[in-house]
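The values are calculated or read from the model by the stated rules, or taken from the named source; none is laboratory data. Values in this document were obtained by computation on a predicted structure and should not be read as measured data. Here Cβ is always computed from backbone atoms with ideal geometry, including for glycine, and neighbour counts include all displayed protein chains. Areas reflect the complete protein model, heavy atoms only, side chains present, ligands, DNA and RNA absent. Shrake-Rupley method; radii C 1.70, N 1.55, O 1.52, S 1.80 Å.
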Amino acid sequence: PGWLLSPAGRPYLDSILHKNQRRVFAPSPGLIERPAPPPALAVPTVTYKLFLAGRSGVGKTALVAWLGGTPAPPTHHETLGIEATPLFWPAKPRASGRPVLFQLHLWD
């Protein structure tokens, strides 16, 4: 669980942070599309799409904001349609012992 804060995991964590805040990664022109760890630390990317469904006002958007490291909206506004939020998270699964970069597409 503490791998990201260890000396071996810290460079991977630093690739998704900027001034101790999550960087915004989006497939839009002018924005960074994915983390760029140093070439010696290149890892495979594992992609998942997660769809959040539930009643209105239960906190789906707040959960996505919290996971993405952005502030949650202070007031409730119903999400119109679907908002897709890309989220990258480095991890070192115990089974393989090799670091991977999870790319999560959170659909709210």
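These residues, 102, 25, go from largest to smallest accessible area, 1.4 Å probe, as 102, 25. Listed values for the stretch 45-55 are Karplus-derived 3J(HN,Hα) couplings in whole Hz (6.51 cos²θ - 1.76 cosθ + 1.60, θ = phi - 60°), namely 9, 10, 9, 9, 10, 10, 9, 9, 10, x, 5, and x replaces Gly and Pro. For the pair the stretch 91-108 / the stretch 36-89, the C-alpha centres are spaced 14 Å from each other.
A 1.4 Å probe over all protein chains sorts 106, 67 by accessible area into 67, 106, starting with the largest. For 14, 108, the ranking by accessible surface with the largest value first comes to 14, 108, using a 1.4 Å probe. Taking amide H as placed 1.01 Å from N in the peptide plane, the amide H of residue 106 sits under 5 Å from that of 50, 85, 87, each at least 5 places away or on another chain.
Here's the picture: charge each Lys and Arg Cβ at +1 and each Asp and Glu Cβ at -1 in the stretch 3-107, and of 5, 37, 61 the one pushed furthest to the positive end of that dipole is 5.
Rolling a 1.4 angstrom probe over the chain with all protein chains present gives an accessible area of which 62% lies on carbon and sulfur atoms. Roughly how much of residue 80 is accessible, in Å² to the nearest 10, using a 1.4 Å probe? Here the residue's solvent-accessible area equals roughly 140 Å².
So between residue 67 and residue 10, what do we pick up on full extension, going 0.36 nm a residue minus the alpha carbon distance?
The residue 67-residue 10 span can extend by a further 18.6 nm.
Under a 5 Å amide H cut-off, with hydrogens placed 1.01 Å from N, residue 46 pairs with 101, 102, 103 among residues at least 5 apart or on other chains.
Expressed per residue, the C-alpha convex hull volume of the chain stands at 137 Å³.
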